[in-house]
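Please read the structure below before turning to the comments.
The values are calculated or read from the model by the stated rules, or taken from the named source; none is laboratory data. This is a predicted model, so every value here is computed, not measured. Cβ sites come from the backbone with ideal geometry, for glycine too, and all protein chains shown count toward neighbours. Please note that ligands, DNA and RNA were not included when accessible areas were found on the heavy atoms of the full protein model with its side chains. Shrake-Rupley method; radii C 1.70, N 1.55, O 1.52, S 1.80 Å.
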Amino acid sequence: MKTIKNIFFIALLAVTAQSQAQNNAGLKLPNGFKATLFADTIGSARHITITQNGVLFAKLMYPNKAGKSIVRLEDANKDGIADKTTGWANYGGTGIFVRGKNLYATSDNDVYLYQLNENDEVVNPLSPKTIVKGLIARNQHASKSITLDGQNNVYVNIGAYSNACQEKDRNPGSKGMMPCPILDSAGGIWKFDGSKENQVYGDGKRYATGLRNVVGLDWNTATNSLFVTQHGRDQLNSFYPTLYNDAQNAELPAETMYEMKEGDNAGWPYVYYDPYQKKKILSPEYGGDGKKEGGENAINPTAFFPAHMAPNALLFYTGNQFPEKYKNGAFIAFHGSWNRAPLPQEGYFVAFVPFKNGKPSGEWEIFANGFSGLKGDEKVKNPRNAKARPCGLAQGPDGSLYVSDDNKGSIFKITYAP
Amino acid sequence: MLHKMKVKYYKYCFIFLFICAFSNLVTAQDLVKGKKIYATRCLVCHQADGGGVPNMNAPLDGASNVVGNNISRLVSIIKYGYNEKVALDGFYYSNAMTANPDLTDADIANVLSYIRTSWTNKASKITLAQVQVVKRKK
């Protein structure tokens, strides 16, 4: 009886796996690509990272039902679906990054370092080294994203706890502060030594500034430089209805990708990037009228995208599995907008920007869509109706692309198998 | 003694009638005005369906505080904005809510009436008097 039951169960699993493979876990992908639901309901999965052995770690925004906030997923039988789920830690956060056997993870204030053994299991779940501590986290844009360069330096995003550096944040008529005092301790990328313990602000360096809130960042090994994706400011129409109507607010400002060299400034809060005029426009909080230019000392974006789509992860593809076109190009996970209301929302997909010689070589395109679970091409009207919201990206050792979702806690695995 | 109590009794009776009279004054037109305020000032964050944005902007639809009895808290959130890391029905919201210092007491009553009776919310409407009482206590 038990064997019959088992056979039935295995058959059922096979059928589910097959139907899942056929519909690509609900995703729409370019020809030749396939997707599986690698994991489901693991908790609010923010960023993800993968070891050389293919073990995936996800950082959760809050501890999940099991009370864990770092989840380890392993696919021992290599069928594209994780079969071993464990976890540890109890602090929320976004950033996670593995380099060899060093696993870095962030809370909203600190950066921790865990040690992995030869099986990529955590050795010191309860006693990580504290690499950086005491970073500013004031509710808004408090999550800390991280990446490493080839020299073991950690780059940490410290988001501005403000929309446009007004004297009173998000208050109509409140002026922009000049100079913006937030930039001293936030609104940029800070660089720390990845192996030194207990560093504070003074031990690090403000590597780049003028960034409102970066959630996606990646070290591009082809250019040997840092690239970031910024979340642009909100509510131009709410505060300046005579300058911007609802439709204009839905398209302004562009979401932007920057290559940040040491000392670079992207211009927040004084300017925003207008995708139509293709210019840095003076923010209305600083006397702008939608046309006046500003930001003479600020750099221009490497690439830009429709407003408010929330680029939450950036990954330069270095694998050999995907077709040549994708090599060294940028994948971006767009979490999906809310500030386009009352117009329909945008994003909720993974985009791709082709790169050649360290610069974009073509227009951006949608790579993976359908995360929202809505039928056909229906747009998300209300964010709570989106089933999944892309938030993290990671590349497996075999060149597969993994996408995390912080809404339902899914991990999608995308492979090329024409 | 008896006389004093009687006066007090009459006073409460009067206040009660006064409030009743005013609650009847939350008209369909006031709700339309409330809806308009919602559309221009609140919808961008709390969305057309009142569902908010997960982890970012709190939902108003089905929120226990919104349909609850702490009216003075609701009034002050609308007037002064809101940015506290507190759990609302078990979740945290990271955005900072805009203050509305220029809304009149009547506007506040109207928009509160609208959010308390929209979507799946079925709480009582808020009268001008209820908003004014809050302010007097401040």
Under the Cβ-under-4.7 Å rule, which cysteines of chain A stay unpaired? A:Cys391
Quick numbers on the range A:260-418, Rg and Dmax over C-alpha atoms in Å, give 17.4, 54
Just from its helices, what would the mean residue ellipticity at 222 nm be for chain A, if runs of 4 or more DSSP H residues each count -39500 (n - 2.57) and the sum is divided by every residue, rounded to the nearest 500 deg cm²/dmol? -2000 deg cm²/dmol
With r defined as the distance between the Cβ atoms of B:Thr104 and A:Ala76 and R0 fixed at 51 Å, what FRET efficiency is calculated, to the nearest 0.05? 0.20
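Quick one: which of A:Lys28/A:Lys68; A:Lys101/A:Lys408; A:Lys101/A:Lys191; A:Lys144/A:Lys196 span more than 25 angstrom between C-alpha atoms? Please report the intermediate quantities before stating the final value.
On the way: A:Lys28/A:Lys68 31 Å; A:Lys101/A:Lys408 29 Å; A:Lys101/A:Lys191 21 Å; A:Lys144/A:Lys196 18 Å.
Beyond 25 Å between Cα atoms: A:Lys28/A:Lys68; A:Lys101/A:Lys408.
Which of rounded, prolate, oblate describes the range A:184-223, given a ≥ b ≥ c as roots of the alpha-carbon gyration tensor eigenvalues and a/c under 1.5 marking rounded, otherwise prolate only if a/b is larger than b/c? Each step should come with its number before you reach the end.
Working: a/c = 2.28, a/b = 1.16, b/c = 1.97.
The shape class here is oblate.
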Excluding residues on the same chain fewer than 8 positions from A:Lys413, give the aspartates and glutamates whose Cα lies under 18 Å from its Cα. A:Asp40, A:Glu74, A:Asp75, A:Asp79, A:Asp83, A:Asp398, A:Asp405
Roughly how big is the B-A contact, given as buried accessible area in Å² (both sides, 1.4 Å probe, nearest 100)? 2100 Å²
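Would you kindly calculate the translational diffusion coefficient of the range A:165-282, applying Stokes-Einstein with the Kirkwood radius from alpha carbon pairs, for 25 °C and a viscosity of 0.890 mPa s, and quote it in µm² s⁻¹ without decimals? List each step's numbers first, then the result.
Working: Rh = 15.8 Å.
In µm²/s, the coefficient rounds to 155.
Among the GluC sites (Glu not before Pro) in the range A:336-418, which ones are in a DSSP loop with at most 10 other Cβ atoms within 10 Å of the Cβ? Mind listing them? Present the calculation step by step, with values, prior to reporting the outcome.
On the way: sites: A:Glu346, A:Glu363, A:Glu365, A:Glu378; in loops: A:Glu346, A:Glu363, A:Glu378.
Answer in residue order: A:Glu363.
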So what does the Cα-only Debye profile of the range A:307-363 read at q = 0.31 Å⁻¹, as log10 I(q)/I(0), no solvent term? -1.16
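Once a ≥ b ≥ c are taken as the square roots of the eigenvalues of the Cα gyration tensor of the range A:187-346, is the result rounded (a/c under 1.5), prolate (a/b larger than b/c) or oblate (a/b not larger than b/c)? Please report the intermediate quantities before stating the final value.
Values: a/c = 2.03, a/b = 1.37, b/c = 1.48.
Oblate, because a/c is 1.5 or more while a/b does not exceed b/c.
Using only the alpha carbons of the range A:52-175, what is the convex hull's orientation-averaged projected area in square nanometres? The partial results should precede the final answer.
Details: hull surface 39.9 nm².
Convex hull of Cα atoms, orientation-averaged projection: 10.0 nm².
Rounded to the nearest 5, what % of DSSP beta bridges with both residues in the range A:165-306 are antiparallel?
On the way: 24 of 25 bridges.
That works out to approximately 95 percent antiparallel.
So what's the net charge close to A:Lys279: Lys and Arg +1, Asp and Glu -1, counting the other residues with Cβ under 11 Å from its Cβ? Kindly include the intermediate steps, with their values, before the conclusion.
On the way: positive: A:Lys278, A:Lys280, A:Lys291, A:Lys292; negative: A:Asp274, A:Glu293.
My count for the surroundings of A:Lys279 gives +2.
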Show the residues, 5+ positions off or on another chain, whose built amide H is closer than 5 Å to the amide H of A:Asp149. A:Tyr155
Could you give each residue of the range A:209-226 its phi-based ³J(HN,Hα) in whole Hz, using Karplus coefficients 6.51, -1.76, 1.60 with θ = phi - 60°, and x for Gly or Pro? 9, x, 10, 4, 7, 9, 10, x, 8, 8, 8, 8, 6, 6, 9, 6, 8, 8
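Between A:Glu121 and A:Asp184, what FRET efficiency follows from the Cβ-Cβ distance if R0 is 35 Å, with the result rounded to 0.05?
On the way: r = 41 Å, r/R0 = 1.16.
Between A:Glu121 and A:Asp184 the formula returns 0.30.
For the range A:242-322, what class follows from the C-alpha gyration tensor (a ≥ b ≥ c being the square roots of its eigenvalues): rounded when a/c is under 1.5, otherwise prolate if a/b is larger than b/c, else oblate?
Working: a/c = 2.97, a/b = 1.57, b/c = 1.89.
Verdict is oblate for the range A:242-322.
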Per the 1/(1 + (r/R0)^6) rule, R0 = 22 Å and r from the Cβ atoms of A:Lys28 and A:Glu324, FRET efficiency to 0.05 is 0.50
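Please sort by residue number the chymotrypsin sites (Phe, Trp or Tyr not before Pro) in the range A:276-368 whose DSSP state is loop and whose Cβ has at most 14 other Cβ atoms within 10 Å. Present the calculation step by step, with values, prior to reporting the outcome.
Values: sites: A:Tyr276, A:Tyr286, A:Phe304, A:Phe316, A:Tyr317, A:Tyr326, A:Phe331, A:Phe334, A:Trp338, A:Tyr348, A:Phe349, A:Phe352, A:Phe355, A:Trp364, A:Phe367; in loops: A:Tyr276, A:Tyr317, A:Trp338, A:Tyr348, A:Trp364.
When the chymotrypsin sites (Phe, Trp or Tyr not before Pro) of the range A:276-368 are filtered for loop state and at most 14 Cβ neighbours within 10 Å, A:Tyr276 remain.
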Would you mind computing the Rg to Rh ratio of chain A from its alpha-carbon coordinates, Kirkwood style for Rh? 0.97
Can you work out the accessible area per residue across the protein assembly as shown, with the rest of the protein chains kept in place, probe 1.4 Å, in square angstrom? 45 Å²
I'd like the projected area of the range B:82-128, averaged over all directions, using the convex hull of its alpha carbons. Report it in nm² with one decimal. 4.2 nm²
